[in-house]
Amino acid sequence: LSNTSVVDSPSTSSSSSSPMAPLTVDTINPKVLECEYAVRGEIVTIAQRLQDELKSKPGSLPFDEILYCNIGNPQSLGQQPITFFREVLALCDHPAILDKSETQGLFSADSIERAWQILDQIPGRATGAYSHSQGIKGLRDTIAAGIEARDGFAADPNDIFLTDGASPAVHMMMQLLIRSEKDGILCPIPQYPLYSASIALHGGSLVPYYLDEATGWGLEISELKKQMEDAKSKGISVRALVVINPGNPTGQVLAEDNQKAIVEFCKQEGLVLLADEVYQENIYVPEKKFHSFKKISRSMGYGEKDISLVSFQSVSKGYYGECGKRGGYMEVTGFSPEIMEQIYKVASVNLCSNISGQILASLVMSPPKVGDESYESYSAEKDGILSSLARRAKTLEDALNNLEGVTCNKAEGAMYLFPRIVLPQKAIKAAEAAKKAPDAFYCQRLLNATGVVVVPGSGFRQVPGTWHFRCTILPQEDKIPAIVSRLTEFHKSFMEEFRD
Ligand SMILES: Cc1ncc(COP(=O)(O)O)c(CN[C@@H]2CONC2=O)c1O
């Protein structure tokens, strides 16, 4: 053995009697250590611990419940699913009841009809079988038709990859785009940390472009150009541009001419445009309308040969909020057949996405139409949810803007408010002493005093020296007054305690 060259691996570096653990923080993939996802970070762990404490010792804390405003998870906070969607899902998952007479009395005629239609598109009517790696072709046909109806431009079912939510689709694209840390991805700051986490996991470089808080989180092309040049000067090859529209955490809805300028920029610079449009149904202000980047690029006369565009959609948001069903898709356009083959190959490694999510994605993109039996009830449910979200956004935005040292842009869309807080120096120093970012210090004090869980702005990145937090607009309307009063009372006492 003494002549055998032993590879110096952790398991052989210690004596044979006590081999080191097979995996330690020193031997884990460093990209995993670098990755962070604040939406379910430290503040949520503390909240869950406090929740356990409330359960085991009622009355032990200065509040009687935890109010989770950290994650865009509507149904965990009481939002009801859309009846038609669930009727179709239930029938597809148990086709045996489709033929029973009782079913006619329990399910709407159009959900029964839709379930038959969908089952006829599934080989063997087996929702328990693997599907095509891009998803069931018939469902992709439905989604493509829905995209065409939305945009007024052709969509090819073969460009659609059904995924277990938008997250795995984003990871897939990062996997294809990033070869090393020399490859950069332009991302908005503040950004939804799926992007910074995925870029870190894939060993690439996040190239920031700062949204302008003073102009309602506007995206300036000059900023894109500046960051692009800066990256190039550091030897980074920028490969793609991420746009989140409507924005998370910032809530802005891009103006059409801004979108056109972005498409032009990507075409000129040869960048892949990654358009995250999971909040396309969440628009709360009358003066803004959602336009997909697919529609914008086609309306500019740009087709397959002019721009590489990947559009992400999800069943987790909108008025449906089916986060747990894990459904979504990416529409991949403007790539060569060879690249499409590689994307298919990567998708095929995971065999297929879950079938319920696939069915839901097709329902989201092709809901009941005027004249369908379910149309009235479907519309009432959809409008009820969206108008309530708009009211909650406005109420919270006004409450935040009434707080000393707090300014909050309007939530034009999405599901969040992202107020800026100007903190007294004494609070900044107290945060430093606690070894926390000032906004994380503020959020933890807020949680400990009120049970309200929000995410520090540092978890989304922000202009250095500015501090924010992200608060969802999702607690049911009857909970909003409690959030406003707890937050207002806490903020007053915090500012008193740390007044310079
Ligand atoms: C902009 C954006 N893109 C993609 C996703 C991923 O969605 P899937 O569920 O389809 O994977 C989210 C989820 N929103 C997270 C989850 O809750 N709060 C958030 O900020 C998101 O906000």
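The values are calculated or read from the model by the stated rules, or taken from the named source; none is laboratory data. Remember, predicted model here, so these are calculated numbers, not experimental data. Cβ coordinates were reconstructed from backbone atoms using ideal geometry, including for glycine residues, and neighbour counts include every protein chain displayed. With ligands, DNA and RNA removed, areas are computed over all heavy atoms of the protein, side chains included. Shrake-Rupley method; radii C 1.70, N 1.55, O 1.52, S 1.80 Å.
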Show me, for the stretch 140-150, the HN-Hα J-couplings you get by feeding each phi into the Karplus relation (A = 6.51, B = -1.76, C = 1.60, θ = phi - 60°), rounded to Hz, glycine and proline as x. 5, 4, 4, 5, 4, 5, x, 5, 4, 5, 6
List the chymotrypsin sites (Phe, Trp or Tyr not before Pro) within the stretch 89-168 that fall in a DSSP loop (any state other than H, G, I, E or B) and whose Cβ has at most 15 other Cβ atoms within 10 Å. 130, 153
Lys/Arg Cβ at +1, Asp/Glu Cβ at -1, dipole of the chain taken about the Cα centre: which of 236, 453, 135 is farthest positive-ward? 236
Over the chain, what is the relative contact order in percent, taking alpha-carbon pairs closer than 8 angstrom and at least six residues apart? 20 percent
Could you work out how far the C-alpha centroid of the stretch 27-54 sits from that of the stretch 350-386, in angstrom? 33 Å
Alpha-carbon spread of the stretch 70-182, three principal axes, descending order, Å: 63, 36, 33
Please name whichever of 193, 167, 180 sits farthest to the positive end of the charge dipole of the stretch 163-255, dipole taken about the Cα centre and charges placed at Cβ: Lys and Arg +1, Asp and Glu -1. 180
Work out how much length residue 75 to residue 221 would gain on full extension: take 0.36 nm times their residue separation and subtract the Cα-Cα distance, in nm to one decimal. 48.8 nm
Given H placed on each backbone N at 1.01 Å, which residues far from residue 207 in sequence or on other chains put an amide H within less than 5 Å of it? 185, 186, 187
Projected onto the charge dipole of the chain (unit charges on the beta-carbon of Lys, Arg, Asp and Glu, signs +1, +1, -1, -1), the Cα from 302, 343, 97 with the largest positive-side position is that of 343
Quote the relative contact order of the stretch 363-500 in percent (integer), defining contacts as alpha-carbon pairs under 8 Å separated by 6+ residues. 25 percent
Sort 196-206, 62-72 for me by packing, meaning the mean count of neighbouring Cβ atoms within 10 Å per residue, highest on top. 196-206, 62-72
Rounded, prolate or oblate for the stretch 120-171? Axes are the square roots of the Cα gyration tensor eigenvalues, ordered a ≥ b ≥ c, and the cut-off for rounded is a/c under 1.5. oblate
Could you rank the peptides 181-192, 82-93 by their average count of other C-beta atoms within 10 Å per residue, with the highest value first? 181-192, 82-93
For the chain, which whole-number percentage of the solvent-accessible area (1.4 Å probe, protein heavy atoms only) is attributable to carbon and sulfur atoms? 54 percent
Peptide ranges 449-459, 369-379 listed from the most packed, as the mean C-beta count within 10 angstrom indicates: 449-459, 369-379
If you bin every alpha carbon distance in the stretch 328-424 into 5 Å steps from zero, what whole percent lands in each bin? 2, 10, 11, 11, 11, 11, 11, 13, 11, 6, 2, 0
Per residue of the chain, what 222 nm ellipticity follows from adding -39500 (n - 2.57) for every DSSP H run with n ≥ 4, rounded to the nearest 500? -13500 deg cm²/dmol
So which trypsin sites (Lys or Arg not before Pro) in the stretch 437-500 end up in coil per DSSP with only 11 or fewer other C-beta atoms within 10 Å? 499
For the stretch 245-271 and the stretch 68-145, what is the separation of their Cα centres, given in Å? 34 Å
May I ask for the net charge around residue 467, where only other residues with Cβ less than 15 Å from the Cβ of residue 467 are counted and Lys, Arg are +1 while Asp, Glu are -1? +3
Would you work out the Kirkwood radius for the chain? I mean one over the mean of 1/r across all pairs of different Cα atoms, in Å. 24.6 Å
Quick check on the chain: of the DSSP beta bridges with both residues there, what percent are antiparallel, nearest 5%? 50 percent
Probe 1.4 Å, accessible area per residue of the chain, Å²: 44 Å²
